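Q: Handing you this structure, nothing more for now.
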Amino acid sequence: MTGEKVKVLRYRADKCVGCRKCEKACSKVHFKVEKGGDRSAIRIMKAKGDWWEKLPEAVRKGLQGASDGEAEGKYVMHVCDQRGLCIDVCPVAAITRKPTGAVWLDRKRCVGCLSCIGFCPIDAMRRWEGEIEPFKCISCGSCVRACPEEALYMEERDVEEIKEVVHHRMGP
Amino acid sequence: MLKGQVPPEEYETGNTRHTWDIEELKKAHEVLAEVGYEKGEIVRGYAGKTLYVNLSTNEIKEKPVTEEMKELFTGGKGFGLKLLWDGINKDTKWDSDENELVMSAGPLNGMTQYSGLGKCLSVTISPSTGLVCDSNAGGYFAPYMKFSGFDALEVQGKADEDVIIFIDGIEGKVSIEKAPLEETNAHLLSEQLTYLYAAEDTEKARQMVTVVSAGKGAEHSYWGCLNISFYDLRRKVPRLKQHGRGGLGAVLRNKNIKAIVARIEGFDGMADDPADISRIAKVGEKYNREMRDLDRFQNNMRQVGTGNIVEVMDAYDLLPTENYRFGSFPKASNLHSPNFFEYFTKIIPDGCWYGCTMACAKAIDGFEIRTGPYKGHKVTVDGPEYENAAGCANMGLWMPEWVIEWNFYCDTYGLDTISFATGVAYYMEMYEYGILNKERCGGLELCFGNFEATMELMHRIAVGDEDEFVRVAAKGIRRMKDWLIANKWGEQLLIEDCGMEVKGLEYSEYVSKESLAQQGGYGLATKGPQHDEAWLIFMDMVNNQIPTFKDKAEALHYFPIWRTWFGLAGLCKLPWNDITPADNAKTFSPAKIPEHVQNYADLMSGLFGKEVTKNDLIDQSEKVYNFQRAMSVWMGKGRREHDHPPFRSMGPVTKMEYVSRQDRYDQELEEKLGHSEDDIEKMTVDQKLQLIYEYRRDQYEKLADAVYYRRGWTQNGVPTPQKMASLGFGGYTAMLEMLQAAIDADDADGKNVWYGDYGADEEVPCDDLRYWENDGLVQEDYFDE
């Protein structure tokens, strides 16, 4: 059975000060190190200069805190939103929706094919250079608890409402 | 199914379920030989040894993969040819005891980070051609064989009774086992053996088993194909990919092999031991994003697979219809891809190896069979792919459900859909002309469009029907031509010209009449007329990018060599050009798809841990390409006369074809042959046919002149010892001497001359008739930007 509800990570841009404690908490969960950065599923970015032009379109689609690039000097957040399109592209069914509704990748079943990375519509499936298996936000809430500014919170949504299925029509 | 995100355990195919007493099947197995082995480590893509099994003596042994072997042959088909060269002799026939079936992986084979990295490359002496036939197929066999410890499997000899060769990558054992009770037909046999050999009763364990099999049809036909299974976690059935061309399945059954099975415990994305996974992953991620963003705007491979081109071929007059007489047909819209899209199960990832995001291995679930032994069963059907739909167009079978059923039975009986369709289309045309009739066809009304008769012929082949027509039909067009001519049932030239085979192998499903380059792509292909060496129709006919003989020769030098490379590395060709980067059209040579070629150079560099350039890939391939042609010369079928296509592939054979495209051919008479409009008006169709016939045959000779010259071969199509030596085969003395003897014999017969009829204003490829006495290599940068 998969869950009908899912907790999705949300962001209050006005409260974030860019301390990145959330990233460190996240990398602790995934890699047992408080490094953040490319070992974190949640990413905080500073909007400055030509940052918007440099971002791949898919990343832009998933940003919270700046939908149109108008965020000069502020911080923006990018993370998986549990839509689960990746579930149906995994050839070994290593990605499943758990009873909590969150989308998980079982690293023991994963064969490192990177299909999920390529097909994530917001480029939120991540891979750290040192490993071949990807990782993603599992809605564990560690970042929410780690944020001193209350800039992060969990929002409960209906799975049916947010889920997205991989493209399966002919043509666009 | 349409809602998506369904957990695998909840997927339902609606197929008929089978319950077998697996224990009873297992109990009947008698182990004839068993050898344990050290699994060893895979190093930079190579397991470092090959497996030799002799079924006559029950010998099982390992052979080392040497550095020289890697250097000269790279892997995959290269290893296959090398082992075959060492194992057979020039007179070996397909059913000789010493003929070998060699199945190989390739260094990049088994990686998962890029699309199409799981192809098995197999070679053997073909019953159809008497030559080396190479064929590639997806499915899990090649990677699992490699993960079990072997870069290739070489099977020689014949068993007395049906056996299974079992490569146990978990226990580190290879065995030959008598297996009397299992089914022979592939869809059932694969399922039985998947359950029988799975290490435990779990889906995961079943996914780690792969089965190579043929089917009942392969026991009685030269069209026998091999099926390679890949267990589908969601559908919970082993699905099948085919080594279609050349009769590999016939060889398997002739050796009394029921199946070859490999199993492993598991693997991960690093199983091939890449030196620089980051470099590989970067390329893979980029490519997968390309697939995400562009496929739906380009080919819809993810939605309908290769069938997407049925409508394209139909629109460009290239869809073979009624034995290649026409290139389009009003009813063809029945077989356009949207009709199959309706049937395909959607959303499920359909790669035939992990990580292939092109995922063109579409399948239909719960399809109810209407004829034959499985009537009433509901089954999963792999495909139809383009060739299957187009093959049915060739036979005039215009209903999608006919295509699907025919496709299912071809697979499970182990029959090559391409050869079957091209063959039967020819028989149907002969039937139309009265050269064949109901009586001569063993009671079958084998006219175009007769689905029942087509299926009955197939079922009769599968049960080994003794009727003379059925037996000859099952051996293919070449034997049918000989039979028709021997019986004096028709005009010899018509019988020869209509039957689409070269070297004894049936054509694949494209009309090459209006593309001289593609006529060469088919006629000059080493193993016989399959489009995997060159598909130049658009470049040549539609876009007019290669107008001169020299241009066409360059294309027929580069593309066959480049396409050969996929077979060396253990890869599928489709991800190279069935999607193109957004800016591909702006590159210096869009047909080469330079960015994707660079991807492959990056993958190989990342695996080996040393820089491999695009030109290096071509160099690897040119060696093996020439080696295979040299083997054809050795086996007596590697000369110009063996590269001659039937006229049906070059132009109109019959008046009906001429009249159906009269404007085109009249225009050719005027523009190319210089006849005035008035003259043309006065000519009969027969006279016009004759003129086109002579002109186009001469054009083909000129093309062959230019291509052999470009390849550095003699005018009679023989690679020289000089060329082979400069490619690195200097140590292959026996081969070099054999080639020299062939050239000397041609010299004595005056065969090393230009074959085209060159006018005063036309140039021969080279003034020096003995140009090939040099080293025969034209070194150059193929990617000069």
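Q: Which order do the peptides B:391-403, B:63-75 take when ranked by the mean count of other beta-carbon atoms within 10 Å per residue, highest first? Before the final figure, lay out the partial values.
A: On the way: B:391-403: 24.4, B:63-75: 17.2.
Sorting B:391-403, B:63-75 by mean packing, highest first, produces B:391-403, B:63-75.
Q: Straight distance only, please: which lysines reach the Cα of B:Lys236 with their own Cα at less than 18 Å, same-chain residues fewer than 8 apart left out?
A: Excluding near neighbours in sequence, the set is B:Lys204, B:Lys346, B:Lys362, B:Lys378.
Q: Quick one: compute the contact order of the stretch B:277-506, relative version, from alpha carbon pairs under 8 angstrom and 6+ residues apart, as a percent. Display every interim value, and only then the final one.
A: Numbers: 335 pairs, mean separation 35.0, N = 230.
It rounds to 15 percent for the stretch B:277-506.
Q: Which trypsin sites (Lys or Arg not before Pro) from the stretch B:574-645 combine a DSSP loop assignment with at most 12 other Cβ atoms within 10 Å?
A: Listed in order of number, the matching sites are B:Lys610.
Q: A follow-up question, please. If the reach is capped at under 18 angstrom between alpha carbons, list the lysines near B:Lys375, excluding any in the same chain fewer than eight residues apart.
A: Straight-distance partners of B:Lys375: B:Lys216.
Q: Fully extended, how many nm does the chain gain between B:Lys39 and B:Phe538 (0.36 nm per residue separation, minus their Cα-Cα distance)? List each step's numbers first, then the result.
A: Values: separation 499, 0.36 × 499 = 179.64 nm, distance 4.73 nm.
So the chain would gain 174.9 nm between B:Lys39 and B:Phe538.
Q: Let me ask you something else. Take B:Asp97, B:Asp272, B:Asp643, B:Asp551 and order them by how many other Cβ atoms sit within 10 Å, fewest up front. Write down the numbers at each step before the final one.
A: Details: B:Asp97 13, B:Asp272 28, B:Asp643 24, B:Asp551 16.
Exposure proxy ranking, most exposed first: B:Asp97, B:Asp551, B:Asp643, B:Asp272.
Q: Neighbouring Cβ atoms within 10 Å as the yardstick, rank B:Trp483, A:Trp51 fewest first. List each step's numbers first, then the result.
A: Working: B:Trp483 19, A:Trp51 15.
Ascending number of Cβ neighbours within 10 Å: A:Trp51, B:Trp483.
Q: Shape call for chain B from the C-alpha gyration tensor, a ≥ b ≥ c root eigenvalues: rounded (a/c under 1.5), prolate (a/b greater than b/c) or oblate? Don't skip to the answer; put the middle values down first.
A: Numbers: a/c = 1.45, a/b = 1.22, b/c = 1.19.
Note, shape of chain B comes out rounded.
Q: B:Gly305: net charge of surrounding residues, Cβ under 9 Å, Lys/Arg +1, Asp/Glu -1, itself excluded? Intermediate values should be presented prior to the final figure.
A: Values: positive: B:Arg302, B:Lys362; negative: B:Asp350, B:Glu385.
Summing Lys and Arg as +1 and Asp and Glu as -1 gives 0.
Q: So, one more: I'd like to compare B:497-503, B:78-84, B:115-121, B:371-377: which one has the highest average count of other Cβ atoms within 10 Å, and what's the full order after that? Write down the numbers at each step before the final one.
A: Values: B:497-503: 24.1, B:78-84: 26.6, B:115-121: 30.0, B:371-377: 14.4.
Result, highest mean first: B:115-121, B:78-84, B:497-503, B:371-377.
Q: From the square roots a ≥ b ≥ c of the eigenvalues of the alpha-carbon gyration tensor of the protein assembly as shown, which class results: rounded (a/c under 1.5), prolate (a/b over b/c), or oblate?
A: On the way: a/c = 1.63, a/b = 1.48, b/c = 1.10.
Prolate, because a/c is 1.5 or more and a/b exceeds b/c.
Q: Next question. Taking every residue in A:83-92, how many Cβ atoms of other protein chains lie within 10 Å of its Cβ, on average? Display every interim value, and only then the final one.
A: On the way: counts 1, 2, 3, 1, 7, 8, 10, 5, 17, 8.
Partner Cβ neighbours, averaged per residue: 6.
Q: Taking only C-alpha pairs under 8 Å that are 6+ residues apart, what is the relative contact order of chain B in percent? Could you put the intermediate results ahead of the total?
A: Working: 1701 pairs, mean separation 104.1, N = 785.
Relative CO of chain B lands at 13 percent.
Q: With the radius of gyration and the Kirkwood radius both derived from the Cα set of the stretch B:516-773, what is their ratio Rg to Rh? Walk me through the numbers before you get to the answer.
A: Values: Rg = 20.4 Å, Rh = 20.2 Å.
Radius of gyration relative to Kirkwood radius: 1.01.
Q: Cross-chain or 8 or more residues apart, Cα under 26 Å: how many lysine pairs in the stretch A:36-172 fit that? Count them up, please.
A: Summing the qualifying lysine pairs gives 20.
Q: Could you work out how far the C-alpha centroid of the stretch B:322-359 sits from that of the stretch B:614-686, in angstrom?
A: 29 Å
Q: In what order do A:Phe135, B:Phe729, B:Phe141 fall by count of nearby beta-carbon atoms within 10 Å, going from fewest to most? Could you put the intermediate results ahead of the total?
A: Values: A:Phe135 23, B:Phe729 20, B:Phe141 30.
Fewest-to-most Cβ neighbours within 10 Å comes out as B:Phe729, A:Phe135, B:Phe141.
Q: Another question, then. Any chance you could check the Cα centroid distance between the stretch B:249-320 and the stretch B:517-594 for me, in angstrom?
A: Using only Cα atoms, the two centres lie 18 Å from each other.
Q: With the contact rule set at Cα under 8 Å and sequence spacing of 6 or more, what percent relative contact order holds for the stretch B:516-773?
A: Working: 275 pairs, mean separation 51.2, N = 258.
Dividing the mean separation by the residue count of the stretch B:516-773 yields 20 percent.
Q: Right, something else. For peptide B:281-291, compute the average count of partner chain beta-carbon atoms within 10 Å of each residue's beta-carbon. Could you put the intermediate results ahead of the total?
A: Values: counts 8, 3, 1, 8, 8, 2, 2, 9, 8, 1, 4.
Across B:281-291, the average partner-chain Cβ count within 10 Å equals 5.
Q: Using 15 Å as the cut-off for backbone N distance, which residues of the stretch B:697-729 belong to the label zone defined by a point 7 Å from the Cα of B:Glu763 along Cα→Cβ?
A: Residues passing the 15 Å test: B:706-707, B:709-710.
Q: Per-residue Cβ counts within 10 Å, from other chains only, averaged over A:104-114: what number is that? Don't skip to the answer; put the middle values down first.
A: Values: counts 0, 0, 0, 1, 2, 5, 4, 12, 14, 16, 16.
Counting Cβ atoms of other protein chains within 10 Å of each residue's Cβ and averaging gives 6.
Q: Scan the stretch B:541-636 for GluC sites (Glu not before Pro) in coil per DSSP, keeping those whose Cβ has at most 15 other Cβ atoms within 10 Å, and list them by number.
A: Details: sites: B:Glu554, B:Glu595, B:Glu611, B:Glu622; in loops: B:Glu611.
Counting only loop positions with at most 15 other Cβ atoms within 10 Å, the GluC sites (Glu not before Pro) in the stretch B:541-636 are B:Glu611.
Q: Applying a 10 Å radius around every beta-carbon, put A:7-13, B:419-425 in order of their mean neighbour count, most first.
A: Working: A:7-13: 18.7, B:419-425: 30.9.
By packing density, highest mean first, the sequence is B:419-425, A:7-13.
Q: Compute the acute angle (0 to 90°) between the alpha-carbon long axis of helix A:21-31 and the principal axis of greatest extent of the alpha-carbon atoms of chain A; round to the nearest 10°.
A: Compared with the principal axis, the helix lies near 30 degrees.
Q: Are there trypsin sites (Lys or Arg not before Pro) in the stretch A:86-152 that DSSP marks as loop and that have at most 13 other Cβ atoms within 10 Å, and which are they?
A: Details: sites: A:Arg97, A:Arg107, A:Lys108, A:Arg109, A:Arg126, A:Arg127, A:Lys136, A:Arg145; in loops: A:Arg107, A:Lys108, A:Arg109, A:Arg127, A:Lys136.
Filter output for the stretch A:86-152: A:Lys108.
Values in this text are rule-based calculations from the coordinates and carry no lab data. Just so you know, these numbers come straight off a predicted model, no measurement behind them. Using ideal geometry, Cβ is built from the backbone for each residue, glycine included, and neighbour counts are taken over all protein chains shown.
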